[in-house]
Ligand SMILES: [Zn+2]
């Protein structure tokens, strides 16, 4: 696989809130799937994008062990792991962490076996964890028969793999697996049996000491404040838990289950949790004992979710088949198309400034803005150049700021400078969160698993917080103290 393919996939897959469904994949259990090891019930993280950078073609133990499992299951086949450093192109084969295994797409038996294997890799497990086996193994992407399934900090998505027409280039005579380094070195839960790390909290008030909250096995998180109490909502095996600083971070089940995404907000002192359950949007609130009620939004096809309140009215934004919809509590959750997206929107951020609502979306790698004040006309900001992948927005005194990740670099644009997109100097970032305290803007990024903070007050110097091993993060401030939550 070439670098430009990687970059295109990164742009498509590294989205703030998107959870792209593997629509074409059968839900039928694989009858010929490999044997499972003993695993802890938790989920493992989705793999970070980490293409070949060095050359060390010696066969790494993860792909060797997986190759042996495939031979045990399907019989002896041709296979290859390491590839010479002198060959052209970027490939994890040159680091001994990619496996090619012979399945012939023109042979009916082998074709059925390959799809049994793929369905097994990406199936939801009995705990509700999507793509469970692929995550346990630490698979970065899989290529087979002109299709590619990739995860780059988010759920796997199936895409067409453009190729040169040859059996080897189009992967019709073999299936390709690229492992993360931790998968290649057998450090993922498939081999260790341990699920992913717990949630931590660090604050500027304690010198960014990253302290465990006691919340474990979470895959997604949302955070908010009510008064001075902080609340963290996490998904653990598809169920929503709530922990708060007011109860010493005891992580209590809300009873909400089967969810794949979570968003939270408060209106007055009532807390609201929004979840995606099988592609439909549900609302639960602390005022109704967390009864999870269908809003009617989504129709089984919603993939991303953002929420906000404006003067006590709640708004839900969802991406359905690549287009953005808005529903509000004031219209009984009628879900109205905004006209944004044209079937190609992938990431979504929302905010309000003095009662006007703004929607930001990433369409084909470019950032667009629409507002309720212009009838949701979706205007290109000029940001992204076809390569933007992640997005955070905020306003400071009425000026709107957009932070985007382009080829790993963080850029800032503002409505005050006509959306000129200026590099902050922060590079190699995979995710971005932003907030302001007074008029100082703060950007938090994950760089190689470490959490960094940069601020407008220090010229965007990107300083390590000391927090490591992170995958997802959210940030907020309470009375001037900044808090970071990471998993
Ligand atoms: Zn290969």
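The values are calculated or read from the model by the stated rules, or taken from the named source; none is laboratory data. Fair warning: this is a prediction, and the values are worked out from it, not measured in the lab. Here the Cβ positions follow ideal geometry from the backbone for every residue, glycine too, while neighbour counts run over all protein chains shown.
Return yes when residue 146 is over 28 Å from the mean Cα position of the chain (by Cα), within 15 Å of the ligand (Cβ to nearest atom) and surrounded by fewer than 22 Cβ atoms within 10 Å (Cβ to Cβ) and no when it is not.
Working: over 28 Å from the mean Cα position of the chain (by Cα): no; within 15 Å of the ligand (Cβ to nearest atom): yes; surrounded by fewer than 22 Cβ atoms within 10 Å (Cβ to Cβ): yes.
The answer is no for residue 146.
Under 6 Å by Cβ, and 6 or more places apart or on different chains, what pairs join a residue from segment 165-185 that is at positive phi with one that is part of a strand (DSSP E or B) and within 13 Å of the ligand (Cβ to nearest atom)?
Going by the 6 Å Cβ cut-off, the qualifying pairs are 171/143; 171/144.
Looking for whichever is farther than 16 Å from residue 413 by Cβ and under 22 Å from the mean Cα position of the chain (by Cα) here; the options are 366, 343. Which one fits? I'd like the intermediate steps shown before the answer.
Working: 366 fails: farther than 16 Å from residue 413 by Cβ.
One residue alone meets the criteria, 343.
Evaluate segment 121-129: report whether one residue or more is at pLDDT 90 or above, in the same structural domain as residue 47 (by TED's automatic domain parsing) and within 15 Å of the ligand (Cβ to nearest atom).
Our first condition is that a residue be at pLDDT 90 or above; within segment 121-129, this holds for 121-122.
Now restrict to residues that are in the same structural domain as residue 47 (by TED's automatic domain parsing): 121-122.
Then drop every residue that is not within 15 Å of the ligand (Cβ to nearest atom), which leaves none.
Within segment 121-129, none of the residues are at pLDDT 90 or above, in the same structural domain as residue 47 (by TED's automatic domain parsing) and within 15 Å of the ligand (Cβ to nearest atom).
Could you look through segment 88-103, keep only residues that are part of a loop (DSSP other than H, G, I, E, B) and within 21 Å of residue 118 (Cβ to Cβ), and pick out the one that is nearest to the ligand (Cβ to nearest atom)? Outline the logic, then answer.
Quick first cut of segment 88-103, residues part of a loop (DSSP other than H, G, I, E, B) only: 88-91, 96-97, 102-103.
From what is left, the residues that are within 21 Å of residue 118 (Cβ to Cβ) are 91, 97, 102-103.
Numbers: 91: 7, 97: 11, 102: 11, 103: 12 Å.
It comes out as 91.
Residue pairs, Cβ under 6 Å, 6 or more apart or interchain, first in segment 100-115 and under 19 Å from residue 168 (Cβ atoms) and not assigned by TED's automatic domain parsing to the domain that holds residue 178, second within 16 Å of the ligand (Cβ to nearest atom) and modelled with pLDDT under 95. List them.
The qualifying pairs do not exist here.
What residue, among those in segment 38-54 that are within 25 Å of residue 94 (Cβ to Cβ) and surrounded by 14 or more Cβ atoms within 10 Å (Cβ to Cβ), is modelled with the highest pLDDT? Don't jump to the end; show me each part of the working.
Residues of segment 38-54 that are within 25 Å of residue 94 (Cβ to Cβ), as a first pass: 45-54.
Filter once more, keeping what is surrounded by 14 or more Cβ atoms within 10 Å (Cβ to Cβ): 45-52.
Details: 45: 72, 46: 78, 47: 80, 48: 74, 49: 78, 50: 83, 51: 87, 52: 90.
Looking at residues that are within 25 Å of residue 94 (Cβ to Cβ) and surrounded by 14 or more Cβ atoms within 10 Å (Cβ to Cβ), I get 52.
For the subset of segment 407-421 comprising residues that are modelled with pLDDT under 85 and on the phi > 0 side of the Ramachandran plot, which member is surrounded by the fewest Cβ atoms within 10 Å (Cβ to Cβ)?
Ranking the qualifying residues of segment 407-421, first place goes to 407.
How many of the residues making up segment 104-120 are touching a helix residue (DSSP H, G or I) at 6+ places or on another chain (Cβ under 8 Å) and either within 14 Å of the ligand (Cβ to nearest atom) or not in a helix (DSSP H, G or I) (or both)?
Residues flagged as touching a helix residue (DSSP H, G or I) at 6+ places or on another chain (Cβ under 8 Å) and either within 14 Å of the ligand (Cβ to nearest atom) or not in a helix (DSSP H, G or I) (or both) within segment 104-120 amount to 2.
One residue is enough: does segment 279-291 have a residue meeting the conditions touching a residue at least 60 places away in the same chain (Cβ under 8 Å) and in contact with a strand residue (DSSP E or B) (Cβ under 8 Å, 6 or more places away or on another chain)? Spell out how you get there, then give the answer.
In the first step, residues of segment 279-291 are kept if they are touching a residue at least 60 places away in the same chain (Cβ under 8 Å); the result is 279.
Going one step further and asking which of them are in contact with a strand residue (DSSP E or B) (Cβ under 8 Å, 6 or more places away or on another chain), we end up with 279.
The answer is yes; a qualifying residue exists.
Within segment 149-165, which residues are more than 16 Å from the ligand (Cβ to nearest atom), in a loop (DSSP other than H, G, I, E, B) and modelled with pLDDT of 90 or more? Show your work before the answer.
Step one: list which residues in segment 149-165 are more than 16 Å from the ligand (Cβ to nearest atom), which gives 151-160, 165.
If we keep only those that are in a loop (DSSP other than H, G, I, E, B) too, we end up with 151-156, 165.
If the condition is that a residue be more than 16 Å from the ligand (Cβ to nearest atom), in a loop (DSSP other than H, G, I, E, B) and modelled with pLDDT of 90 or more, then 165 is the only one that fits.
Scan segment 66-78 residue by residue and report those that are closer than 15 Å to residue 176 by Cβ and free of Cβ contacts under 8 Å to residues at least 40 places away in the same chain.
Filtering segment 66-78 for residues closer than 15 Å to residue 176 by Cβ gives 66-67, 70, 77-78.
Answer for segment 66-78, where residues must be closer than 15 Å to residue 176 by Cβ and free of Cβ contacts under 8 Å to residues at least 40 places away in the same chain: 67, 77.
Looking at segment 253-271, I want the residues that are without any contact (Cβ under 8 Å) to a residue 24 or more places away in the chain and have a partner that is part of a strand (DSSP E or B) with Cβ atoms under 8 Å, at least 6 apart or on another chain. Which pairs are those?
253/239; 253/240; 253/241; 270/285
Can you find a residue that is in contact with a strand residue (DSSP E or B) (Cβ under 9 Å, 6 or more places away or on another chain), under 15 Å from residue 454 (Cβ atoms), modelled with pLDDT of 80 or more and surrounded by fewer than 18 Cβ atoms within 10 Å (Cβ to Cβ) anywhere in segment 387-406?
Checked against the condition, which is being in contact with a strand residue (DSSP E or B) (Cβ under 9 Å, 6 or more places away or on another chain), under 15 Å from residue 454 (Cβ atoms), modelled with pLDDT of 80 or more and surrounded by fewer than 18 Cβ atoms within 10 Å (Cβ to Cβ), segment 387-406 yields no hits at all.
Residues being more than 29 Å from residue 123 (Cβ to Cβ) and within 14 Å of the ligand (Cβ to nearest atom): count how many of those fall in segment 46-87.
In the first step, residues of segment 46-87 are kept if they are more than 29 Å from residue 123 (Cβ to Cβ); the result is 53-58, 82-87.
Now restrict to residues that are within 14 Å of the ligand (Cβ to nearest atom): 57, 82-84, 87.
Here the count works out to 5.
Can you tell me which residues in segment 332-390 are touching a helix residue (DSSP H, G or I) at 6+ places or on another chain (Cβ under 6 Å) and in a loop (DSSP other than H, G, I, E, B)?
The initial filter retains those residues of segment 332-390 that are touching a helix residue (DSSP H, G or I) at 6+ places or on another chain (Cβ under 6 Å), namely 356-357, 365, 387, 389.
Selection gives 365, 387.
Quick check: anything in segment 166-175 more than 16 Å from the ligand (Cβ to nearest atom) and either crowded, with 21+ Cβ neighbours inside 10 Å or modelled with pLDDT of 95 or more (or both)?
No: zero hits.
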